[in-house]
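Input: a single structure, listed below in C-alpha cells.
The values are calculated or read from the model by the stated rules, or taken from the named source; none is laboratory data. Small disclaimer: the values here were computed from a predicted structure and weren't measured. Note that we place each Cβ from the backbone using ideal geometry, even for glycine, and neighbour counts take in every protein chain shown. In case anyone asks, the SASA skips ligands and DNA or RNA and just uses the protein heavy atoms, side chains included. Shrake-Rupley method; radii C 1.70, N 1.55, O 1.52, S 1.80 Å.
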Amino acid sequence: MRGRSKFIVMSALATAGWLATSAAAAEPCHLSKYFDLPVDMEGRAAIVSTKIDGQEARFEVDTGAFFSTLTAEAADRLKLRTVPTSNVLIVEGIGGSAGATVGEASDFNFAGVPLKHVQFVVGGRDYYPDTVGLLGENLLSWADVEYDFAHGVMRFIKVEGCGDKPLAYWSRGNYGVIPIDAYNPPESAHIKGTVKINGRSVRVMFDTGSSVSVLTRRGAERAGVNMDGPDVKSAGLSSGIGRGVVETWTVPIDSFAIADEQIKSTRLTVVDKMSFADVDMLLGMDFFLSHRVLVSRSQKKLYFSYNGGPVFRLDEPTPPALSREAGAPAAASDKPADADALGRQGEALMSRRDFVEALRAFDQAVALEPKAPQRYMDRAGAHRAMGKIDLARADLDRALELKPDFTPALLARGDLALGAKDVVRAEADFAAALKAAPTGGDVQLQVAEIYDLHHRWAEAIPHYDAWIAANPKDGRLWDVLTNRCAARGMVGEDLDKALEDCNAALRKGPRNSAVLDSRGLVYLRLGRLKEAIADYDAALKLQPKLAWSLYGRGLAKRRLGMKAEGDADIKAALALAPRLEAEAKEIGLSDSEPAKAEAMPKT
C-alpha cells in the first residue's frame, strides 16, 4: 500500500512536468523546487487544500501521521472505494489507538498535480474542524520538504549532486542541523532525532499535527523533573487520533537544546504516555512556527533556523532566551506577493501571537482586495487580539456587508456581542449563522461553545441538545455530553438529565478529570455528598491542582460535618483560583445552599 502510493506520486510529478530542469544541473550541488504548497495556518493547525475526485478536500498537515488519513464520514461523502486488506489496521496517537480501513481515491489533486488511485487510511477521530483528514508521511516523504509555515508555504525540493553539503539555502550560515532516522516504512516512517533536555538525551519525533510540543512523564522524570513539585501546573486534557484522552501538565525546564540552539528556563507540556515506544517527546507546531525547517530525506538530516519569538510558550509574550541570534530574514523571493500570500503570512503571525506584524500583513491584504470578506475577517481577529474591539466589530460588519451569510464572521460578531453583554445582538447573529448552516452541524456546536465560554450555560444547553440529537455516533460525542452535563450542573437544573449525560460520557469515552469533576458537581447539587467526594477524589488523583474539584470536595466535606478537611480543601482551591468563591456564589453554590436528600438511585 505505502510503496504503491509513493510510486504514483513520483511518476505523476515526472509526467506532469514538475521536475525542475536547469543548465546548472551538472554543478556539484543544485537545489530546485518541484512546487510550492500554500498553507493556511488556522490556530496552530497547518491546512492545505486538495481535491478528491473533483471535490474540495482540506487536510491538516501531520508529519506525525505515517500515512494520510480520512474520517469515515469524509470517505463516505466522497464515495471512496473500499480497498480490501489482509491486515488489521490500527492507527495510534496521543489519545491511544483506533481501528481503520483503507479507501482509494480515483483522482487526487495535490498542489495542482493529478494523481491516480491514491489510498488513505480511513478511521480515527479528533480531526481539525472543516477538514477531511490528515496529510501524512506517505505523501510528504518522497522529496526533501521545507516547512516555512511563517510564510504560509511548504516547498518540495529536488536535490542534485549535493552529497553532505549544507542545504539550508535561505540562511547566511546561521542554522542548526541534526541527523534523523532513515525513512524505511513501516518500521521507520516518522521524522525522528535526538535533543537534550536538562543536559540529557531525549528521542523526539517532529510532529506538525501536535499543536504544542509534549514530553512524556517518563522523559520528564529522566530529565530530572519532579512531577510532584510546586511548579507543576495542570494543563487539562489532550487528545489525538485515538478514542482516549490524556491528562496533561506544564513543568519547568532548565534547558532544551537542539544542535547548537539552546533555550533556557522554559516550560514544556507533559503527558502521561504516548503510543510511540521509542519516543519521549513530540516537537510540535510551536517549534515549526518559530523555525524554518527543511527535512532532507536524501541526506537523513533536518536543517532549521530560528524565526524569532517564543519557541514553546506561544501563550506568553516574552520570548525565552536563545543562545544565538535569530536566523536570517526572508529572501526577497519568499516575501508575500499577493493578498492570499499576505493572508497566509498574517495567519502564521497570529499563531505566533505577533499581532502587530499580523495586522500589518492583513492591512496590506485588505488594500489589495478591498471587496474580499475574508480579508476583513482576518483583520478583525488581529484587532480583537490587540484589544481593539470597536475596530474588530467594524471589520466584521464590513465582511458581512460583502457576504451576509458569512458564517465565521457571524459567529465572531456574536461572540463580541456576548462580551459586550448585548445578548439580543448575539442571538440575532447566531440565528443567522445557523440559518446558513445545516441543522445540528458544527456551527450548532460552535454556538453552544461560545455561550459556554461566556458562562451563559442555560443558552448553551439547547444548542448542545440539537447537536447531540443530530450526531449520535460522532467521535466527539462523549466530550459534548461532558460539556452538557457540566452546563446543567452549573445552572443547577435538570440534574437527573445531567447525571445521565455524565454517565453516558463515561460509557462512550475515557475516564478523565473533566467528566469526573462535572459529575462531582452534579452529585453535590443533588446532595449525594459521598458520591460527590468519590468523584472529586478520582478527578484530583488525575489532576491534583484542579481548583473546582478541590472547592466542591471542600463543600461536600463541610456538609458532612468534616469541617477541618473541608476548610483545607477550600483554602487550597482559593490559593489556585482566588475568584472561585465569588464565582461559586454567582451560581448558587455555597454553604448557604441547602443540601438535597439523596433520593436519586445510585448509578
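Here are the numbers for this structure:
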{"quantity": "Boolean, C502 is free of Cβ contacts under 8 Å to residues at least 24 places away in the same chain and part of a helix (DSSP H, G or I)", "calculated": "yes"}
{"quantity": "Pair list, Cβ under 9 Å, 6 or more apart: the range 174-194 residue at negative phi, other residue aliphatic (A, V, I, L, M) and open to solvent by 40 Å² or more (accessible area, probe 1.4 Å)", "calculated": "N174/A326; Y175/A259; G176/A259; V177/A259; I178/A259; S188/A182"}
{"quantity": "Enumeration of residues in the range 430-460 that are among the charged types (D, E, K, R) and assigned to a helix (DSSP H, G or I)", "calculated": "K435, D442, E449, D452, E459"}
{"quantity": "Qualifying positions in the range 353-394 - surrounded by fewer than 16 Cβ atoms within 10 Å (Cβ to Cβ) and part of a loop (DSSP other than H, G, I, E, B)", "calculated": "P370, K371, M386, G387"}
{"quantity": "Pair list, Cβ < 6 Å and 6+ apart or interchain, from the range 411-433 residues that are surrounded by 21 or more Cβ atoms within 10 Å (Cβ to Cβ) to residues that are not in a helix (DSSP H, G or I)", "calculated": "L418/H454"}
{"quantity": "Near pairs, Cβ below 7 angstrom, 6+ apart or cross-chain, from the range 576-603 (hydrophobic (A, V, I, L, M, F, W, C)) to any residue that is part of a loop (DSSP other than H, G, I, E, B) and modelled with pLDDT under 90", "calculated": "L576/K545; A584/S590"}
{"quantity": "Qualifying residue in the range 320-332 (condition: at pLDDT below 95, polar (S, T, N, Q) and not in a helix (DSSP H, G or I))", "calculated": "yes"}
{"quantity": "1 or more residues modelled with pLDDT of 90 or more and among the acidic types (D, E): qualifying strands (runs of 3 or more DSSP E) within the range 176-288", "calculated": "245-258, 261-271"}
{"quantity": "Pair list, Cβ under 6 Å, 6 or more apart: the range 45-71 residue part of a loop (DSSP other than H, G, I, E, B), other residue surrounded by fewer than 18 Cβ atoms within 10 Å (Cβ to Cβ)", "calculated": "D53/S106; D53/D107"}
{"quantity": "Test: A168 is assigned to a loop (DSSP other than H, G, I, E, B), surrounded by fewer than 19 Cβ atoms within 10 Å (Cβ to Cβ) and over 27 Å from the mean Cα position of the chain (by Cα)", "calculated": "no"}
{"quantity": "Count of the range 103-132 residues which are surrounded by 21 or more Cβ atoms within 10 Å (Cβ to Cβ) and at positive phi", "calculated": "2"}
{"quantity": "Any hit, the range 45-55, residues being modelled with pLDDT under 80, among the small types (G, A, S) and open to solvent by 60 Å² or more (accessible area, probe 1.4 Å)", "calculated": "no"}
{"quantity": "Lone unmet requirement of (1) farther than 26 Å from L31 by Cα; (2) at pLDDT 75 or above; (3) of a type in the set (D, E, K, R) for D338", "calculated": "(1)"}
{"quantity": "Residue among A150, A111 that is closer than 21 Å to S290 by Cβ and under 26 Å from the mean Cα position of the chain (by Cα)", "calculated": "A150"}
{"quantity": "Test set (1) within 18 Å of L115 (Cα to Cα); (2) crowded, with 22+ Cβ neighbours inside 10 Å; (3) within 19 Å of the chain's Cα centre (by Cα) - D62 fails condition number", "calculated": "(1)"}
{"quantity": "Residues being open to solvent by 50 Å² or more (accessible area, probe 1.4 Å) and not in a helix (DSSP H, G or I) - total across the range 536-569", "calculated": "5"}
{"quantity": "Tally, over the range 434-451, of residues that are open to solvent by 60 Å² or more (accessible area, probe 1.4 Å) and touching a helix residue (DSSP H, G or I) at 6+ places or on another chain (Cβ under 7 Å)", "calculated": "2"}
{"quantity": "The range 508-530, residues that are touching a residue at least 40 places away in the same chain (Cβ under 8 Å) and open to solvent by 30 Å² or more (accessible area, probe 1.4 Å)", "calculated": "A514"}
{"quantity": "Count of residues meeting criterion [among the acidic types (D, E) and under 18 Å from K541 (Cα atoms)] in the range 497-513", "calculated": "0"}
{"quantity": "Some residue of the range 493-501 being under 25 Å from the mean Cα position of the chain (by Cα), of a type in the set (D, E), modelled with pLDDT under 95 and open to solvent by 40 Å² or more (accessible area, probe 1.4 Å)", "calculated": "no"}
{"quantity": "Per-region count, the range 176-208, residues over 23 Å from E137 (Cβ atoms) and either surrounded by fewer than 18 Cβ atoms within 10 Å (Cβ to Cβ) or among the aromatic types (F, W, Y) (or both)", "calculated": "5"}
{"quantity": "Options V214, V177, V202; residue that is of a type in the set (A, V, I, L, M, F, W, C) and closer than 12 Å to F287 by Cβ", "calculated": "V214"}
